[in-house]
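Below is one structure; the comments refer to it alone.
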Ligand code: COA
């Protein structure tokens with residue numbers, strides 16, 4: 001089933017929902033409508049029990065997302081820009097999304113596009129893709145979390161170089177610095193992504209949610225607090241029927257059937 005919005009397509013493939021940013025003629029640049037639609041869709045999918053995993057990608061074979069729609073910058077004031085970033089933030093919507101979310105990067109992944117990928121949990125990329133934070137070339141800096149999430153993911157030296165030079169790096173380089181999880185030939189991108197998405201979608205939705213929360217705590221707290229949160233989240237799993245089913249299935253040497261309860 002494919003649902004259509006003005007700038008986005010949403011397709012259900014079993015328990016995986018694929019969100020496609022659909023402005024290929026503008027290299028899938030994020031305008032206000034795209035951001036608002038994507039945030040609305042994520043909000044709906046967050047409470048849809050038939051969906052366990054979300055994949056985000058870009059339409060066409062050129063771009064994942066070529067960044068914020070630069071044309072919208074022209075007339076924007078500091079006040080309106082702040083409102084867009086704080087109140088209609090797609091990056092926050094992705095960051096707070098409670099289910100696993102995978103970026104399937106099929107081409108240019110620049111500026112806000114790279115920040116969308118960085119806000120996702122896993123990044124899988126075609127060998128034709130390229131990555132960068134070129135905002136510095138426009139006289140601005142990353143504003144969708146790039147300076148923070150890129151730094152946490154690849155370290156200060158690499159992040160600093162990308163953000164200060166605006167240099168675009170290729171997919172193999174992105175892999176070497178730890179920016180992406182997998183690089184595959186373009187014709188295998190979808191297969192590889194769906195393979196990983198489906199593997200995750202088989203797990204207990206409750207355990208996925210708690211596992212994601214636990215991992216996210218790691219970069220947002222100190223070790224003692226993180227370890228404490230992990231114990232609480234681990235213990236919380238013991239209140240689920242899925243934990244009973246997982247343990248029982250192991251002991252009975254069969255595949256578990258998780259129900260998300
Ligand atoms: N915002 C608005 N429009 C964009 C855009 C963006 N971020 N990226 C691409 N486009 C538009 C172009 O203006 C062009 O529109 P037009 O056909 O009406 O002139 C169309 O998309 C195709 O772009 P084009 O540059 O011709 O395609 P390309 O394949 O040769 O190059 C890019 C693609 C992504 C390398 C190049 O468009 C680019 O550098 N984009 C800006 C990237 C950027 O700085 N992002 C950070 C923004 S903060």
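The values are calculated or read from the model by the stated rules, or taken from the named source; none is laboratory data. Since we're looking at a predicted model, the values are computed, not measured. Virtual Cβ from ideal backbone geometry, glycine too; neighbours counted across all protein chains shown.
For region 1-15, give me each residue that is more than 14 Å from the ligand (Cβ to nearest atom) and assigned to a loop (DSSP other than H, G, I, E, B). Across region 1-15, the qualifying residues are 1, 5, 6, 14, 15.
Whether any residue in region 16-25 is crowded, with 17+ Cβ neighbours inside 10 Å, farther than 22 Å from residue 95 by Cβ and either at pLDDT 95 or above or within 13 Å of the ligand (Cβ to nearest atom) (or both) is what I want to check. Yes: region 16-25 contains one or more residues that are crowded, with 17+ Cβ neighbours inside 10 Å, farther than 22 Å from residue 95 by Cβ and either at pLDDT 95 or above or within 13 Å of the ligand (Cβ to nearest atom) (or both).
For region 72-84, a residue qualifies if it is exposed (fewer than 15 other Cβ atoms within 10 Å of the Cβ) and touching a residue at least 12 places away in the same chain (Cβ under 8 Å), and exactly one does: 73. How many residues, within region 86-97, are surrounded by fewer than 15 Cβ atoms within 10 Å (Cβ to Cβ) and either touching a residue at least 40 places away in the same chain (Cβ under 8 Å) or within 13 Å of the ligand (Cβ to nearest atom) (or both)? Qualifying residue count, region 86-97: 1.
For region 98-111, a residue qualifies if it is in contact with a helix residue (DSSP H, G or I) (Cβ under 8 Å, 6 or more places away or on another chain) and crowded, with 20+ Cβ neighbours inside 10 Å, and the qualifying residues are 99, 100, 101, 102, 103, 104, 105, 106, 109, 110, 111.
In this structure, is residue 161 at pLDDT 95 or above, surrounded by fewer than 22 Cβ atoms within 10 Å (Cβ to Cβ) and assigned to a loop (DSSP other than H, G, I, E, B)? No, not satisfied. Restricting 141, 56 to those that are outside any helix (DSSP H, G or I), without any contact (Cβ under 8 Å) to a residue 24 or more places away in the chain and either in contact with a helix residue (DSSP H, G or I) (Cβ under 9 Å, 6 or more places away or on another chain) or over 20 Å from residue 211 (Cα atoms) (or both) reduces the list to 141.
When the residues of region 124-137 are filtered to those that are closer than 9 Å to residue 166 by Cβ and surrounded by fewer than 18 Cβ atoms within 10 Å (Cβ to Cβ), the one that is nearest to the ligand (Cβ to nearest atom) is 137. Under the condition of being within 13 Å of the ligand (Cβ to nearest atom) and more than 16 Å from residue 135 (Cα to Cα), the residues counted in region 62-75 number 3.
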